[in-house]
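Remarks on the structure that follows.
The values are calculated or read from the model by the stated rules, or taken from the named source; none is laboratory data. Quantities reported herein were computed from a predicted structural model and do not represent experimental measurements. In this analysis, Cβ positions are derived from the backbone assuming ideal geometry, glycine residues included, and neighbour counts consider all displayed protein chains. We work out accessible area using only protein heavy atoms, side chains counted, and drop any ligands, DNA or RNA first. Shrake-Rupley method; radii C 1.70, N 1.55, O 1.52, S 1.80 Å.
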Amino acid sequence: MIRLAHIVDNYAAELIAQHGHRLLPSQLAALSAFRICRSSMSHKIQLACDDCQEQSYLPHSCGHRHCPHCQAHESQRWIDQQSQKLIPGNYFMVTFTLPAQFRTLAWQHQRVMYDLITRSAWETVNMFSRNDRKLRGTTGAVTVLHTHNRRLDYHPHVHLVMPSAAFDNKQRRWRNKDGGYLFDHKALAKVFRAKMLTGIKQAGLKLPRQYPEKWVVDCKAVGSGQKALVYLGRYLYRGVLPEKNIVANRDGNVTFRYQNSETRKMETRTLSGVAFLRLILQHILPKGYRRARNFGFLHPNSKLIPLVQLIKRVVLPPPQPRPVIRCKCCGGVMKIVRTRIKIFAHRLRTLASNREMAT
């Protein structure tokens with residue numbers, strides 16, 4: 001497996017020399033984090049085994065939310081949190097895509113446009129839920145913003161995972177909608193388009209000269225919703241490209257593999273090292289921006305889901321525990337003694353202490 005840190009080491013200087021004036025502070029911070037993640041330059045974690053008293057030091061992860069080499073536990077924790085909110089019934093994944101003509105605008109005004117895409121998508125499905133003759137109430141949704149397609153090109157879109165259920169606050173009634181159909185995707189696209197255009201104008205941004213009349217919204221059934229949440233959680237905290245998909249780094253070029261969304265076959269793409277890093281960095285979100293959000297009765301402040309689960313006698317899967325570190329000598333569980341140690345400074349202090357004791 002080729003680590004992203006090695007690619008950053010090889011091409012970061014050239015990237016900054018050529019395009020440093022175009023890089024955002026968040027992108028430069030990501031480069032620095034990727035480079036030192038679990039390397040000799042990072043802080044160390046001191047571990048100790050209770051069984052054989054063996055001690056060891058492990059390089060600390062960078063903790064950056066876009067790093068593909070760490071944050072696996074954060075992704076699993078998010079999946080576990082969302083799984084605790086699952087309710088009986090049919091779930092759907094609704095995908096709202098921003099047309100290509102708006103991508104330059106989205107890149108130039110990321111905070112405004114990303115927030116507008118997410119909120120417009122939620123308001124659209126919630127409006128349809130209120131007007132649906134079977135639901136007639138406020139629904140709930142988990143939204144996740146993606147800025148890339150499988151080839152890693154810039155392609156902003158929002159996924160919503162939502163149950164075919166709604167709550168009527170006035171009548172205090174919970175309603176479900178059976179079957180494999182939720183809403184008409186063409187009607188969703190029209191309303192989403194109108195909300196986006198209105199929001200862009202209200203934000204004081206200039207619309208593109210030309211843009212399509214028909215936008216794309218996909219709505220498909222995803223069963224109980226568990227697999228859809230796992231799919232979204234996989235890319236939530238671990239960057240846009242798993243390191244296992246980086247297959248070559250030679251002669252100044254980097255090759256990675258991806259699955260073609262149409263043929264479902266694995267293909268490869270080769271770019272120069274600098275172009276590859278630029279491709280990765282363009283998907284770094286603005287500092288503090290949340291990629292995933294919960295709306296409606298799935299909002300963290302809502303108290304409705306525990307009540308529904310109690311009435312319907314839902315059995316929730318237990319959260320997965322964090323993997324333990326095993327001792328190389330005896331196989332026992334290693335416990336963390338200290339974190340974020342600068343190993344060279346720690347060794348110097350230990351040597352100095354030993355000398356004092358000897359004298």
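Could you list, in sequence order, all residues of the stretch 220-232 that are closer than 16 Å to Thr95 by Cβ and either small (Gly, Ala, Ser) or in contact (Cβ under 8 Å) with a residue 40 or more places away in the chain (or both)? Answer for the stretch 220-232, where residues must be closer than 16 Å to Thr95 by Cβ and either small (Gly, Ala, Ser) or in contact (Cβ under 8 Å) with a residue 40 or more places away in the chain (or both): Lys220, Ala221, Val222, Gly225, Ala228, Leu229, Leu232. Considering (1) open to solvent by 40 Å² or more (accessible area, probe 1.4 Å); (2) without any contact (Cβ under 8 Å) to a residue 60 or more places away in the chain; (3) in contact with a strand residue (DSSP E or B) (Cβ under 8 Å, 6 or more places away or on another chain); (4) over 30 Å from Met1 (Cβ atoms), the lone condition that Asp168 does not fulfil carries the number (1). Here Ala275 clears all of (1) open to solvent by 60 Å² or more (accessible area, probe 1.4 Å); (2) closer than 30 Å to Val240 by Cα; (3) out of contact with any helix residue (DSSP H, G or I) (no Cβ under 7 Å at 6 or more places or on another chain) except the condition numbered (1).
Let's see how each residue does on (1) more than 25 Å from the chain's Cα centre (by Cα); (2) β-branched (Val, Ile, Thr); (3) open to solvent by 20 Å² or more (accessible area, probe 1.4 Å); (4) within 30 Å of Lys328 (Cβ to Cβ):
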position: Asp9; (1), (2), (3), (4): no, no, yes, yes
position: Glu14; (1), (2), (3), (4): yes, no, yes, no
position: Gln18; (1), (2), (3), (4): yes, no, yes, no
position: Arg22; (1), (2), (3), (4): no, no, yes, no
position: Ser26; (1), (2), (3), (4): no, no, yes, no
position: Ala30; (1), (2), (3), (4): no, no, no, no
position: Ala33; (1), (2), (3), (4): no, no, no, yes
position: Ser39; (1), (2), (3), (4): no, no, yes, yes
position: Ser42; (1), (2), (3), (4): no, no, no, yes
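Residues in the stretch 309-322 that are under 22 Å from Val230 (Cβ atoms) and touching a residue at least 12 places away in the same chain (Cβ under 8 Å): Gln309, Val314, Leu316, Pro317, Pro319, Gln320, Arg322.
In this structure, is Leu241 surrounded by fewer than 20 Cβ atoms within 10 Å (Cβ to Cβ) and either within 30 Å of His109 (Cβ to Cβ) or at pLDDT below 95 (or both)? Taking the combined requirement at face value, the residue does not satisfy it. When residues in the stretch 55-79 are screened for being closer than 16 Å to Val324 by Cβ, part of a helix (DSSP H, G or I) and either small (Gly, Ala, Ser) or open to solvent by less than 40 Å² (accessible area, probe 1.4 Å) (or both), 1 of them pass. The residue of the stretch 145-164 that is farthest from the chain's Cα centre (by Cα), among those that are among the hydrophobic types (A, V, I, L, M, F, W, C) and either more than 22 Å from Gly223 (Cα to Cα) or surrounded by 22 or more Cβ atoms within 10 Å (Cβ to Cβ) (or both), is Met162. Within the stretch 4-30, the set of residues being touching a strand residue (DSSP E or B) at 6+ places or on another chain (Cβ under 8 Å) and farther than 13 Å from Ser272 by Cα comprises Leu4, His6.
Checking each residue in the stretch 192-204 for being in contact (Cβ under 8 Å) with a residue 12 or more places away in the chain and open to solvent by 30 Å² or more (accessible area, probe 1.4 Å) picks out Arg193, Lys195, Ala203.
Filtering the stretch 304-350 to residues that are modelled with pLDDT under 80, over 19 Å from Gln81 (Cα atoms) and in a loop (DSSP other than H, G, I, E, B) leaves only Lys342. In the stretch 80-93, the residue that is surrounded by the fewest Cβ atoms within 10 Å (Cβ to Cβ) out of those that are in contact with a Lys or Arg (Cβ under 8 Å, 6 or more places away or on another chain) and of a type in the set (A, V, I, L, M, F, W, C) is Ile87.
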